[in-house]
Amino acid sequence: MKVVPFGERAWLVYTDRPLALAAAIPGSVPAEDCVLIHDPQSLEGLQDPPEPPAGNLVSLPARWDGEDLHDVERQSGLDVVAALHQRVFTVAFCGFAPGFAYMKGLPPQLHLPRRPRPRPRVPAGSIAIAAGYVAVYPTDSPGGWHLVGHCDAHLFDPGSTEPALLTPGTRVQFT
């Protein structure tokens with residue numbers, strides 16, 4: 001693990017197992033390859049944190065009608081609907097926008113790079129893939145991912161006690 005100061009009162013801990021480390025340190029925030037912590041002493045004595053228990057399973061209704069679906073199938077050689085439907089993904093971390101969850105578990109053939117040109121507006125609920133992740137856009141926003149479907153679930157409610165439906169460790173299945 002590599003520990004780097006982050007601002008005046010936080011540290012980034014680089015690890016190949018951010019979800020496991022974040023589960024072992026209360027109040028930490030996982031990212032793709034690191035964890036934000038507020039107390040470096042929380043690392044003392046921590047050798048190899050165990051994998052966290054499986055998170056809650058959330059089923060999201062999906063329509064596989066994204067405008068990039070056929071292009072993604074051509075690039076990957078896969079039937080994208082068959083590859084994504086009923087598969088269980090895990091939220092690795094959240095970012096980009098409130099409620100935007102980066103989910104891991106895509107087949108390697110779908111680890112496509114981002115689009116060469118981002119769209120100025122991606123509709124809320126768009127199911128998209130890029131860079132080894134699948135996500136659902138929680139709100140209308142710009143975006144450079146490949147759109148493969150749509151989901152009508154409400155993913156982010158700032159007025160709720162739990163504003164984000166999908167949080168790190170949550171398991172997700174498109175139905």
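For the range 109-159, the set of residues classified as basic (Lys, Arg) and within 16 Å of the chain's Cα centre (by Cα) consists of Arg114 only.
Of the residues Val91, Val80, Val72, only one is at pLDDT 95 or above, farther than 23 Å from Thr139 by Cα and surrounded by 18 or more Cβ atoms within 10 Å (Cβ to Cβ); which? Walk me through how you get there before you give the answer.
On the way: Val91 fails: farther than 23 Å from Thr139 by Cα; Val72 fails: farther than 23 Å from Thr139 by Cα.
Within the list Val91, Val80, Val72, the selection yields Val80.
When Leu106 is tested against the conditions (1) in a loop (DSSP other than H, G, I, E, B); (2) farther than 21 Å from Ala164 by Cα; (3) more than 17 Å from the chain's Cα centre (by Cα), the lone failure is (3).
Just to confirm my filter: which helices (runs of 4 or more DSSP H) fall fully inside the range 1-100 and include at least 1 residues that are assigned by TED's automatic domain parsing to the domain that holds Ala153?
Values: elements: 18-24, 69-76, 80-84.
Where helices (runs of 4 or more DSSP H) fall fully within the range 1-100 and carry at least 1 residues being assigned by TED's automatic domain parsing to the domain that holds Ala153, they are 69-76, 80-84.
Does Ser141 fit the bill of being surrounded by 20 or more Cβ atoms within 10 Å (Cβ to Cβ) and modelled with pLDDT of 95 or more? Spelling it out, it is not the case that Ser141 is surrounded by 20 or more Cβ atoms within 10 Å (Cβ to Cβ) and modelled with pLDDT of 95 or more. Contact map, the range 164-175: residues that are on the phi > 0 side of the Ramachandran plot paired with residues that are among the small types (Gly, Ala, Ser), Cβ distance under 9 Å, separation 6+ or inter-chain. Pairs shown: Gly169/Ala22; Gly169/Ala23; Gly169/Ala54; Gly169/Gly55; Gly169/Ala92.
Yes or no: the range 50-63 includes at least one residue that is farther than 29 Å from His154 by Cβ, touching a residue at least 12 places away in the same chain (Cβ under 8 Å) and under 14 Å from the mean Cα position of the chain (by Cα). Spell out how you get there, then give the answer.
First, pick out the residues of the range 50-63 that are farther than 29 Å from His154 by Cβ: 50-51.
Now drop any that are not touching a residue at least 12 places away in the same chain (Cβ under 8 Å), which leaves 50-51.
Still in the list and also under 14 Å from the mean Cα position of the chain (by Cα): none.
So far as the range 50-63 goes, no, none of its residues is farther than 29 Å from His154 by Cβ, touching a residue at least 12 places away in the same chain (Cβ under 8 Å) and under 14 Å from the mean Cα position of the chain (by Cα).
Restricting attention to the range 106-113, does a residue exist that is among the hydrophobic types (A, V, I, L, M, F, W, C) and free of Cβ contacts under 8 Å to residues at least 40 places away in the same chain? Yes, there is a match, as at least one residue in the range 106-113 is among the hydrophobic types (A, V, I, L, M, F, W, C) and free of Cβ contacts under 8 Å to residues at least 40 places away in the same chain.
The values are calculated or read from the model by the stated rules, or taken from the named source; none is laboratory data. Note that the structure is predicted; figures quoted are calculated from it, not measured. Positions of Cβ are generated from backbone atoms using ideal geometry, with glycine treated the same way; all protein chains shown enter the neighbour counts.
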